[in-house]
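Read through the structure below, which is laid out as structure tokens, and then see the notes.
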Amino acid sequence: MKPTNRLYRFAVTTTLSLGMASGVHAGVATLAYHHVSTETPPSTTTSPSLFKDQLALIEKLDLEKVSITPERIQATLKGEDSGTMGVALTFDDAYESVYTKAWPLLKKKEIPLTVFVLSGSVGDHGYMSWEQLQEMAEHELVTIGSHSLNHGSMLRRPRESAQAHAERIARELDQGAQRIEAQIGVKTRLYAHPYGEFSQPVLEALQERGWYGFAQHSGVIGEHSHPGAMPRFAVADAYGGIDTLGDKLKARNFPVSRANLPTPVISDNNPPLLDMTVPEGWDSAQMNCFASGEGKMGLDAEPIANGLRIRARANNAIKARRSRYNCTYPAGNGRFYWLSQPWFNPQAPEG
């Protein structure tokens, strides 16, 4: 199998050598919400009853409730967290149901949250108003981030020049953040990728601005995460059942640097190859990798100088716009190292 291209190495990277695991740091399990309702699509909606159950589980597990700030992110990426597992709640798009359903409950329980604002839609039907966002932004529990101006895919489009692509990225990033600052006085360095899609040009644009990016592939934020594409667990009704949430909240950051994983944008090699080196001493028989829509994949394992090289590929070409390979490995005490490798197919329709 041929090795695949690697993602751009961000300015903030792990200081560990590839494949060598250090002491396990707790990390932060970050949850991705959209609507909190019973009247919107289940793929992006968490019902109020499930939301309450999720908050009860978080309290039962006695997790540190993390307020996402650039300073906290930097500490987490450096492995400077305490031994207590953290959890952070994020809400994409700034839907009105977040203000009416989620915010009152979180405020009462004193649980911090981050709202990634789709600034071009604020005030539209179903979205918060600037007045509501201003009210939330003034509270110490609330952090505001950007979710672009118009929520279009940030991948390069067919027949789009590299210059036009770079200009579109800059416009979505800058105008989205500028509108937030102009309306509510918040200058943010936090950004959530629309649809969770990212590529090297987008990561470079975030680095140039000193921003931190959040995607939508699953996993725990820790010292091996990419600062421009940090993982989050989807917890909508379709994905966030209580029966699986416990494992996600107790998961560990997978000890392979995101900068040493394949680019997620599928080119000519479809199905794409996951090629990575895991720590020396790992047993490939204990690793499980699954392809979306196919189930468990076979693994090729090869001992090398600094670890164990793992290669996995789905059986069929990915036709969907977005897909994943998810891998887990036992971390002890019923916990798992958790890796999600996202794949984006630019030939499939956006949205």
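For Gly332, work out the one condition from (1) crowded, with 21+ Cβ neighbours inside 10 Å; (2) without any contact (Cβ under 8 Å) to a residue 12 or more places away in the chain it doesn't fulfil.
Evaluating Gly332 over (1) crowded, with 21+ Cβ neighbours inside 10 Å; (2) without any contact (Cβ under 8 Å) to a residue 12 or more places away in the chain leaves (1) as the failure.
Report yes if some residue within segment 177-192 is in a loop (DSSP other than H, G, I, E, B), farther than 17 Å from Val115 by Cα and in contact with a strand residue (DSSP E or B) (Cβ under 6 Å, 6 or more places away or on another chain); otherwise report no.
Looking through segment 177-192, none of the residues is in a loop (DSSP other than H, G, I, E, B), farther than 17 Å from Val115 by Cα and in contact with a strand residue (DSSP E or B) (Cβ under 6 Å, 6 or more places away or on another chain).
Which condition number in (1) over 17 Å from Gly246 (Cα atoms); (2) under 16 Å from the mean Cα position of the chain (by Cα); (3) crowded, with 19+ Cβ neighbours inside 10 Å is the one that Tyr33 fails?
Every listed condition holds for Tyr33 apart from (1).
Quick grid of which residues meet (1) buried (at least 22 other Cβ atoms within 10 Å of the Cβ); (2) of a type in the set (A, V, I, L, M):
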residue: Ser119; (1), (2): yes, no
residue: Gly126; (1), (2): no, no
residue: Gly145; (1), (2): yes, no
residue: Ala177; (1), (2): yes, yes
residue: His193; (1), (2): yes, no
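Identify the residue in segment 1-30 that is open to solvent by 20 Å² or more (accessible area, probe 1.4 Å) and at pLDDT 50 or above and, among all such residues, is farthest from Leu113 (Cα to Cα).
In this case the residue turns out to be Val24.
Can you confirm whether segment 70-93 contains a residue that is open to solvent by 20 Å² or more (accessible area, probe 1.4 Å) and touching a Pro at 6+ places or on another chain (Cβ under 9 Å)?
Yes, there is a match, as at least one residue in segment 70-93 is open to solvent by 20 Å² or more (accessible area, probe 1.4 Å) and touching a Pro at 6+ places or on another chain (Cβ under 9 Å).
Which residue pairs have Cβ atoms closer than 9 Å, lie 6 or more positions apart in sequence or on different chains, and pair a first residue in segment 98-118 that is under 15 Å from Val87 (Cα atoms) with a second residue that is of a type in the set (Lys, Arg)?
Sorted first by the residue in segment 98-118, then by its partner, the pairs are Lys109/Lys65; Glu110/Lys65; Ile111/Lys65; Pro112/Lys65.
Restricting to segment 264-288, and then to whatever is assigned to a strand (DSSP E or B) and among the hydrophobic types (A, V, I, L, M, F, W, C), can you tell me which residue is surrounded by the most Cβ atoms within 10 Å (Cβ to Cβ)?
Val278
The values are calculated or read from the model by the stated rules, or taken from the named source; none is laboratory data. Being a predicted model, the structure only gives us computed values, none of them experimental. Using ideal geometry, Cβ is built from the backbone for each residue, glycine included, and neighbour counts are taken over all protein chains shown. SASA here: full protein model, heavy atoms, side chains in, ligands and nucleic acids out. Shrake-Rupley method; radii C 1.70, N 1.55, O 1.52, S 1.80 Å.
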